[in-house]
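Data block below; observations after.
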There are 2 protein chains.
Amino acid sequence: MDALNKLSASEAAARIAAGKLKSEALVAACLERIGQREKDVQAWAFIDSERALAQARARDREPRRTRLHGIPVGGKDVLDTADLPTEYGSPIYLGNRPSCDAACVAQVRELGGVILGKTVTTEFATRHPNKTRNPRNLKHTPGGSSQGSAAAVADWMVPLAFGTQTTSSIIRPAAYCGVVGYKPSFGLVNRAGVKALSDSLDTVGTLTRTVPDAALLVEELSGAPVTSFDAVPRMKPRIGFCRTPYWRGADRPTQEALEQSVPRLERAGGKVAEVDLDGEFARLVEVQVTISTYEMFRALAYERTRFPDLISGHLMDRLLGGGLVTRAEYEEAQAVAQRCRARLDDVFREYDALLAPSAPGEAPEGLASTGDPVFGSSWTVLHGPAVTVPAFQGPRGLPLGAQIIGPLGKDGPTLLCAEWVHRALCS
Amino acid sequence: MDALNKLSASEAAARIAAGKLKSEALVAACLERIGQREKDVQAWAFIDSERALAQARARDREPRRTRLHGIPVGGKDVLDTADLPTEYGSPIYLGNRPSCDAACVAQVRELGGVILGKTVTTEFATRHPNKTRNPRNLKHTPGGSSQGSAAAVADWMVPLAFGTQTTSSIIRPAAYCGVVGYKPSFGLVNRAGVKALSDSLDTVGTLTRTVPDAALLVEELSGAPVTSFDAVPRMKPRIGFCRTPYWRGADRPTQEALEQSVPRLERAGGKVAEVDLDGEFARLVEVQVTISTYEMFRALAYERTRFPDLISGHLMDRLLGGGLVTRAEYEEAQAVAQRCRARLDDVFREYDALLAPSAPGEAPEGLASTGDPVFGSSWTVLHGPAVTVPAFQGPRGLPLGAQIIGPLGKDGPTLLCAEWVHRALCS
């Protein structure tokens, strides 16, 4: 029998429902794993073990509320928590204690889940790295910005963790650490109490080890219908293989892994065809920079004006760049995004999902960079659901992801396609 | 010569630019007016006079930064401020001191403005009233939720104040107090650090005594081009008179005032025709309730679960109603909103702006209700700019507003139309 910390949330929920597992034992197993590994991985900004265990015991004394009942969840440290510090990965907020919980944190608690602690974020969920290491190889970055959540889930410290994505901050670290990253449709998970970067792009999502676990957390929060994965073996999805306009930014092993997956998906029953997204789609990385920096210049106005010396050089450069974006340039970028969303709607009349790279390659060595977000930013701008599943291995033995992108608002069907692809490529 | 507290922001800015006015004198005049009247009007949640005067003196020692330099601004108490308490109109947050300023507050300070204090809000910017009275008649409500901002501006306490609108929280109090209320296009003013209610609807806007002052504040924050009002006398706008599907909810004096304004606008050179928004437009008030309560149930999850006894019965009923909205109902409501936005785009091919009621009538007597928001909520859902100007007087001698609604993203032209209507009806 697996150690309890290795259970998926769905399996743990089933055992809790059957009276075969106590939340306290599950939480204790996760805490034990953290105790063993945290010195190396450094995935957590704050843990209050006693508080987490007390919550678990309280849940064990109650009737089960939802599928989240008794399940430990990691909260990225850009989510406000009233009972744990919230530092946003910035020295400006050392010891900061918000006056309330973020909506998604309060909802997890209401639904019976146990907030295990706060996972490490890069500076304000941007690119300046923090301390977390890749549990697959400690010399490599786990990616960012949701680096603590990706590493903690990959290293069996917690089955579910929140991430946030404005560029590629869920997809990239999930791919680098070899877990499932799910950026839901824009707005599906409530953002109240999440430190704001870019109002038009910021999206709360999940890091998990399985696709059904990703569905579980987001469905419980949003009230979306429960997705049944029973039909996955009989699915014959229509998949558009999309190299994207940034294909040359992917390394050769990544390109080959994706190209070689096409016949395997066809053998598994999928209908795969190539989809070229050209024209204005090639502008989406630039569009994402224009939109996000214009908005970040304003969203971080307090920090930028009061504590410029406590902001990293990299972030300050981006903020000041955002200050130079004119309103007309910003509106033009939003117009391009809107046109590309409409064109993508047409693409999804022919395909159930698109398949694309999750990152340019394996996690880079060193902790000075969190890697290149180029394969996330377009899909973030387009607002639809995106899921990365660990599907391949690179030449250095580190994981590579396959990214599945679906139509805006069709998160359930997209998660089903992602699970289908995951099984087709990993069985 | 007028007292300094009666200057518009635009006039004060011109005098400051010309070296003829000191910010300290302007701020002192506002504080003096507040000292005289606050006992009756109760527009302010927090004022720190010494801090405001110190900021003004600091600005007076510096070169002028922008048009906002040295201008006092009121911040609604749902905007976080690090140096003043922020209570969101709720006993849950008595004495709450956030760790940073809201983006719009930090921007005002960066641009040289002086945050005079925090104006009173209803409970979390919803309908449960707070203490402010209507300065036109203290026995009447000032409306809500931006009640302190509307009353303070109407009573010559400050020339500019922030409001927020999720239903009709700028338009209604502005109309009731006889000032200009401007709800910009969705997203034009950054929302970071504003207590969230409804992510799809919450909009930061302004309460002012003149339309150019509304333009001034929002243009400086957003970087939108400066609107010149010089051409207003020569404008011949095409105006759609829109009774809206809720016309029967307006009282007879309001209906007559609007109907009788049509020939006056035509005499002033406008082309006015009736526009019927029927079909799905009639569902928008219900759509606004569905969207906002689904989102509020989540956004206020912490307060709802931890402090249910400190939430008003009215708000708790709305929150619990939101908990019953299914995801499918929410998505259907968003789809109706989207279809109506597309249909409105067609309407605006023929009209520069629509003219509609701002509220059902004069401000109701008593402080137990903030009045009916029915004439605001549709336009909030539709996301375009809306401006109310004080245009008429009701039978009890209280002001009635005329609401001008423009195409999404066309805030400058809409403000010009609003100014044209204001002059046509008030000259």
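None of the figures in this text is laboratory data; all of them are computed from the coordinates on show. Everything numeric in this text was worked out from a predicted model, so none of it was measured. Glycine also receives a Cβ, built like all others from the backbone with ideal geometry; neighbour counts cover every protein chain displayed.
Between A:H128, A:H69, A:H314, the residue with the greatest mean-square fluctuation in the GNM of chain A (Cα pairs under 10 Å linked by springs) is A:H314. Report summary: the helix-based calculation at 222 nm, which adds -39500 (n - 2.57) for every DSSP H run with n ≥ 4 and divides by the residues of chain B, gives -13000 deg cm²/dmol. Using the Cβ-Cβ distance between B:Q255 and B:F307 with R0 = 35 Å, the FRET efficiency computed as 1/(1 + (r/R0)^6) comes to roughly 0.25. Among the helices of chain B, those built from whole DSSP H runs whose Cα atoms reach 18 Å or more along their own axis and whose mean Kyte-Doolittle hydropathy is at least -1.0 are B:23-41, B:284-299, B:411-426. What is region B:183-313 by shape, rounded, prolate or oblate, if you read a ≥ b ≥ c off the alpha carbon gyration tensor as root eigenvalues and call it rounded for a/c under 1.5, prolate for a/b larger than b/c, and oblate otherwise? Taking the square roots of the gyration eigenvalues as a ≥ b ≥ c, region B:183-313 is oblate. Between A:F46 and A:R339, the distance separating the two model label sites (each 7 Å from Cα on the Cα→Cβ line) works out to 4.6 nm.
Would you mind checking the pairs B:K76/B:K183; A:K39/A:K195; A:K410/B:K195; B:K6/B:K131 and listing those with alpha carbons more than 18 angstrom apart?
Over 18 Å apart, Cα to Cα: A:K39/A:K195; A:K410/B:K195; B:K6/B:K131.
With R₀ fixed at 35 Å, the C-beta to C-beta distance from A:R349 to B:D276 puts the FRET efficiency at about 0.55.
Per residue, the average separation of C-alpha pairs within less than 8 Å and at least 6 apart gives region A:4-222 a relative contact order of 21 percent. Calculated FRET efficiency, A:R248 to A:L138, Cβ-Cβ distance, R0 = 30 Å: about 0.50 to the nearest 0.05.
Under a Gaussian network description of chain A, with springs only between Cα atoms under 10 Å, the residue in A:C417, A:C242, A:C100 that fluctuates furthest is A:C100.
Across peptide A:103-113, the average count of Cβ atoms from other chains found within 10 Å of a residue's Cβ is 4. Of the residues B:R248, B:R127, B:R57, the one that moves most in a GNM of chain B with alpha-carbon contacts below 10 Å is B:R248. When the charge dipole of chain B is built from unit charges on Cβ atoms (+1 for Lys and Arg, -1 for Asp and Glu) and taken about the Cα centre, the candidate among B:S99, B:G321, B:Y182 whose Cα reaches farthest toward its positive end is B:Y182. When the square roots of the Cα gyration tensor eigenvalues are ordered a ≥ b ≥ c, the ratio a/c for region B:4-222 is under 1.5, which makes its shape rounded.
Annotation: the residues A:F281, A:F229, sorted from fewest to most other C-beta atoms within 10 Å of their own C-beta, follow the order A:F229, A:F281. Counting only the backbone N, which residues of region A:89-122 are under 19 Å from the spot 7 Å out from the Cα of B:N96 toward its beta-carbon? It comes to A:96-110, nothing else.
For a test of the definition: using alpha carbon positions, the gyration tensor, and the 1.5 limit on a/c, classify the protein assembly as shown as rounded, prolate or oblate. In terms of gyration-tensor shape, prolate.
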